[in-house]
Amino acid sequence: MIYICMDDTDNLESRGTGKLSRTIAKELSKDYPVYGVTRHQLYKHPDIPYTSHNTCSVIHIENREIDAIDGLFEVVKGEMMDDFIEGSDPGLAVAHESQITPALAAFGNDAKYTILNQEKARNLAHNLGIRLEGLGGTEDGVIGAMAGLGLASTKNDGRFLVVGPKKITGQKTAEELLDGGIDGIYTLDGQSITSGLIFNSSKLIKPCPVNGKVILFVEKDGSVLKAVNRG
């Protein structure tokens, strides 16, 4: 797996980083096998200059060797620069799974609870041989870009914005979801769901990475099954 993380690509009036990552994933899917796009929540603190939610987005590319990194980096960088938003401080990081060590996973976890800085992010990227670049503004997005790589690599953090190259929208049956890329559907008390209509209150159905699987959690409201957004 190759992970591509972008952070801080927006301002309060613009499209968000999640939308940009979905657009880029769709473009990449013409030439690369896109496994999905995940959203990861970072620390929300008054001393951190995030836009609205302080989240980063990671595009997951399957079945590619480390020598594909440079090409992917340049394509994504070009897309990000073509859609650069004034007032944003974007960062981009791309890594093969073989480059992601426990130190990077720990950095990602720390970014959920503590204030980090660019120096730590850049030193970590240098020591691990990971391509990292700030693409404008203060370049503070390099912190979230590195953190997202670490979090995505655990396969147990965040939620999917896209499963494969396509988003999942509207009301779906469990059968449709399980045929369309969802690996399992469970209630929070552990029941496996394999049939029935799943109601969704938001535009996107947002499953979670759980032990390397794409899992949608639902809750029962009487006889109705409702999708639960976590992460």
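The values are calculated or read from the model by the stated rules, or taken from the named source; none is laboratory data. Keep in mind the model is a prediction, meaning the values are calculated, not measured. Methodologically, a virtual Cβ is constructed for each residue, glycine included, from the backbone with ideal geometry; neighbour enumeration extends over all protein chains shown. Quick note on the areas: whole protein, heavy atoms, side chains included, nothing else; ligands and nucleic acids left out. Shrake-Rupley method; radii C 1.70, N 1.55, O 1.52, S 1.80 Å.
Some points to look at:
- Accessible surface of the chain [probe 1.4 Å, protein heavy atoms]: carbon and sulfur percent: 47 percent
- Per residue accessible area of the stretch 1-53, 1.4 Å probe, in Å²: 46 Å²
- Enclosing the Cα atoms of the stretch 70-191 in their convex hull gives a volume equal to 160 cubic angstrom per residue.
- Zone residues, the stretch 4-40, relative to K203, backbone N less than 11 Å from point 7 Å out along Cα-to-Cβ: 15-16, 19-20
- Gyration tensor (alpha-carbon) shape descriptor, the stretch 51-106, a/c threshold 1.5: oblate
- Exposure of F199 as accessible area (Å², to 10), given a probe of 1.4 Å and all protein chains: 90 Å²
- Choice from P90, P209, P102 with maximal GNM fluctuation in the chain (Cα, 10 Å cutoff): P102
- Only Lys, Arg (+1) and Asp, Glu (-1) charged, at Cβ; the chain dipole about Cα centre in debye: 780 debye
- Highest-MSF residue in the chain out of N109, N211, N54 [GNM, Cα springs under 10 Å]: N211
- Loop-exposed GluC sites (Glu not before Pro) per DSSP, neighbour cap 14 Cβ within 10 angstrom, longest uninterrupted part of the chain: 87-231
- Residues in the stretch 7-20 carry Karplus couplings, in order, of 8, 6, 9, 9, 10, 5, 9, 9, 4, x, 5, x, 5, 4 Hz; the curve used is 6.51 cos²θ - 1.76 cosθ + 1.60 with θ = phi - 60°, and Gly or Pro positions show x.
- Between Y186 and N109, residue separation times 0.36 nm minus the direct Cα-Cα distance comes to 25.2 nm.
- Structure remark: mean-square fluctuation, Gaussian network model of the chain, C-alpha springs under 10 Å; the largest value among L161, L132, L177 belongs to L177.
- In terms of distances greater than 20 angstrom between alpha carbons, the cross-link table entries K172/K203; K112/K155; K44/K203; K26/K167; K19/K167 yield K44/K203.
- For the stretch 168-231: rounded, prolate or oblate by the Cα gyration tensor [a/c cutoff 1.5]: rounded
- Structure-derived Cα extents along the principal axes in Å: which label, when the choices are (i) 39, 39, 34; (ii) 52, 40, 34; (iii) 46, 36, 36: (ii)
- Accessible area per residue (1.4 Å probe, heavy atoms of protein chains only) ranks M1, M81 as M81, M1, with the largest value leading.
- Sites N229 and H126 - FRET efficiency at Förster radius 30 Å, r taken between beta-carbons, to 0.05: 0.25
- Cα gyration tensor shape of the stretch 2-113, rounded if a/c is under 1.5, else prolate or oblate by comparing a/b with b/c: oblate
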